[in-house]
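Colleague: Below are the structure tokens for one structure; questions will follow.
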Amino acid sequence: MEGVRVFPLRRFVDDRGLFLELYRNQATHPGSEELARFFSGVEVAQLNYSLVTVNEHIKGLHYHLKQADVWFCPPPFKLKVVLLDLRRNSPTAGKTQVVVLGEGKDAWVYIPAGVAHGYRPLTNPCGLFYLVTRCFDLNDPDEYRIPWDHPAVKELWEVKNE
């Protein structure tokens with residue numbers, strides 16, 4: 001989908017557990033350039049965390065006209081992201097995309113303004129960290145919703161050995 005970017009993270013594992021480098025604003029050594037490049041130009045205004053603790057729940061769909069989101073699902077959680085391009089002038093207008101994030105699929109996903117997004121937890125509980133490029137403003141919330149069962153995405157929520 002035009003403008004959507006998925007950045008796989010490198011997981012370091014040993015007998016004590018795991019380590020993920022999640023954010024970098026500059027490259028300081030070989031191998032750090034790609035993460036710094038992914039966040040280049042992304043002006044982070046706010047960091048949020050959401051935790052879902054009920055089964056069979058779908059969060060979304062909603063979209064913004066003034067902000068982009070950058071999502072990360074931390075291990076051991078896992079979720080399915082469903083995207084719908086609502087931008088009229090986009091070459092992928094009306095198209096959908098599904099991204100699985102979380103345990104075993106450590107990655108960031110950048111969601112530009114105008115792309116509707118939601119998720120279905122694949123674990124219970126399920127956590128999501130998300131960065132936004134504009135602080136939430138109660139007087140100008142920039143939050144728009146469409147039904148989770150919109151015809152373009154209704155079938156995409158099914159769980160198939162994700």
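Colleague: Arranged from highest to lowest average of other beta-carbon atoms within 10 Å per residue, in what order do the peptides 28-38, 117-127 appear? Don't jump to the answer; show the numbers that get you there.
Modeller: Details: 28-38: 12.4, 117-127: 19.8.
Highest-to-lowest ranking by the protection proxy: 117-127, 28-38.
Colleague: Quick check: Cα centre of segment 69-98 to Cα centre of segment 130-152, how many Å?
Modeller: So the two Cα centres are separated by 13 Å.
Colleague: Sort LEU65, LEU138 so that the residue with the fewest other Cβ atoms within 10 Å of its own Cβ comes first and the one with the most comes last.
Modeller: Working: LEU65 11, LEU138 5.
By the 10 Å Cβ count, ascending, the order reads LEU138, LEU65.
Colleague: When you take every Cα atom in segment 5-157, what is the radius of gyration, and what is Dmax, the widest Cα pair distance, in Å?
Modeller: Over segment 5-157's Cα set, Rg and Dmax evaluate to 15.9, 50 Å.
Colleague: Identify, among VAL132, GLY104, LEU47, the residue whose Cα sits farthest towards the positive end of the charge dipole of the chain, taking +1 on the Cβ of Lys and Arg and -1 on the Cβ of Asp and Glu, with the dipole about the Cα centre.
Modeller: GLY104
Colleague: Based on the Cβ-Cβ distance from HIS57 to VAL6, what FRET efficiency comes out when R0 is 22 Å, to the nearest 0.05? Present the calculation step by step, with values, prior to reporting the outcome.
Modeller: Working: r = 23 Å, r/R0 = 1.06.
FRET efficiency, HIS57 to VAL6: 0.40.
Colleague: With the contact rule set at Cα under 8 Å and sequence spacing of 6 or more, what percent relative contact order holds for the chain? Intermediate results must be reported in sequence, preceding the final value.
Modeller: On the way: 336 pairs, mean separation 52.1, N = 162.
So the answer I get is 32 percent.
Bear in mind these aren't lab numbers, they're just calculated from the coordinates by the rules spelled out. Note that the coordinates shown come from a computational prediction; the quantities given were computed from them, not determined experimentally. Heads up, the Cβs are rebuilt from the backbone with ideal geometry, glycines too, and the neighbour counts pull from every protein chain shown.
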